């Protein structure tokens, strides 16, 4: 809230002491690009720097216009180059300029930030150095006039902001700013018009193949073009094996418009050490946009590791480099599976097999135990019970050794009636000792095996 | 301090008898050796071993006769007996005698290793707590 008051006071102050004129500066043509880590290059060419506020538009090839004096925001200048407030990008939402300054030499410094734009940097090595011909304080008027590059607006107070509007200027410390467009504001701005050019104006081109009024300005985007994208990892990381095809989806967009331009597209594979291990290029004719899939065969000798597929374009009249890249992984395959997958699935298969084996063993053991468990004959009269038990245990013992043949042999013994599935002795119709002797003889003759016995311990209650 | 348990080995084959006795000594038992059924009965009645390992076919007195005499003794009625023989129980009278005099096991020599026989002895004595 204190900041809102400060903003209001700031404009009251400017209105009081500079009621008749204001000096505006423009962006110095070669120094017009800032860099957003989310949106790429942003062209500030059509931004006007005033003593009290910034106006006009910046342009992102990817995200569209960024308005500096939207209805419910605005980027303000305290007159000494310290900026504050928020710009509105139609594809980038609110952008906080509180940490941006314009130095005495007209160079922008610091970073603007936003949830969609990420960090907007004004000073970096490659074509990223926004500079204005506006100068702080009293020098501003002279500077603007002498360079004949600015515009003097007479009379014009700093951009007026109604108190109601000032009250809802978002605070930097407040909750995240709305991503939707405020009512009646920036998103209602037409993409083209006299005051809002559809495309950024650049210097006359050097190439003879393009119009001097509307020079080519290309953007290139490349990304993995295969369905074999590993979405389980953070981001999209493609994996290919040496010798396999790496498909790259390429999108070329000519924002300069109009003329057909030959663009040299270069594809490079760069390893984690930064060395280019493979490159190829091709020429593509583009009038407005071109979308195609380029396939690159990864050399068979490529060692496993992390790589970058880099795509860059070169064309006549090019002022800024256009490069895009995405990471991918080269991994050996074993039996048609990537090495990591092979060991993962192999490990899972092995564990499942071990578990199934143990389960099966336990099942068989349990079944075997129940199958060969001694049968209870407590319902048989005591004088016969020992024979029933002796015969039953002998049959079970032989069944463990030779299988169900033991049942077949036993069922063929004269005077012995057994259950042919369980081996339970059902009835003895002859003298029991004779049945036992015949059973032993039967096993010896049929199986060639002698028979040992064990007598059950006699129960005390029987 | 536990007393060493005594095992009576009644076996006419000297080599086998001594081999069994050696293993029993290794297992901390005290073996008593008898070379026929008659000696076996005498030693059983006089020494009251914890268990008797008894062959069936022997000179002077066969094993089953010896078992009958031992069972007739008050002490011998319940002493654990393991028959270790090459004679198959294919004779109904032999079966009848077995059922009557109740040895704990009737083991065919050719099917059993001596160590397994001694293991059975150990299990019986653990169970019987003799």
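Readers should treat all values here as calculations from the given coordinates under stated rules, not as data from a laboratory. No experiment lies behind these values; they were computed from the predicted model shown. As a convention, Cβ positions derive from the backbone with ideal geometry for all residues, glycine included, and neighbour counts pool all protein chains shown.
Fewest neighbouring Cβ atoms within 10 Å first, the residues B:116, A:262, A:96 line up as B:116, A:262, A:96. Mean partner shielding of peptide B:78-85, defined as the number of other chain Cβ atoms within 10 Å of each residue Cβ, is 1. Fewest-first ordering of A:90, B:126 by other beta carbons within 10 Å of each residue's beta carbon gives B:126, A:90. Using alpha carbons only, the radius of gyration of the range A:382-447 set against its Kirkwood radius gives Rg/Rh = 0.92. Taken residue by residue and averaged, Cβ atoms of other chains lying within 10 Å of the Cβ of A:447-456 number 6. Per residue of peptide A:429-442, the mean number of Cβ atoms on other chains within 10 Å of the residue Cβ is 4. The ellipsoid equivalent to the alpha-carbon distribution of the range A:218-331 has semi-axes of 27, 14, 12 angstrom, derived from the gyration tensor eigenvalues as √(5λ) and listed largest first. The relative contact order of chain B comes to 22 percent, based on Cα pairs under 8 Å that sit 6 or more residues apart. Taking the number of Cβ atoms within 10 Å of each Cβ as an exposure proxy, the fewest-first ranking of A:121, A:323 is A:323, A:121. What shape does chain B have by the C-alpha gyration tensor, where a ≥ b ≥ c are the square roots of the eigenvalues, rounded means a/c under 1.5, and otherwise prolate means a/b greater than b/c and oblate the rest? Since a/c stays below 1.5, the shape of chain B is classed as rounded. For residue B:73 and residue A:402, the FRET efficiency from 1/(1 + (r/R0)^6), where r spans their Cβ atoms and R0 equals 45 Å, is about 0.65. At q = 0.09, 0.15 Å⁻¹ the log10 of I(q)/I(0) for the range A:319-462 amounts to -0.48, -0.81, computed by Debye summation with a single uniform scatterer per C-alpha, solvent ignored.
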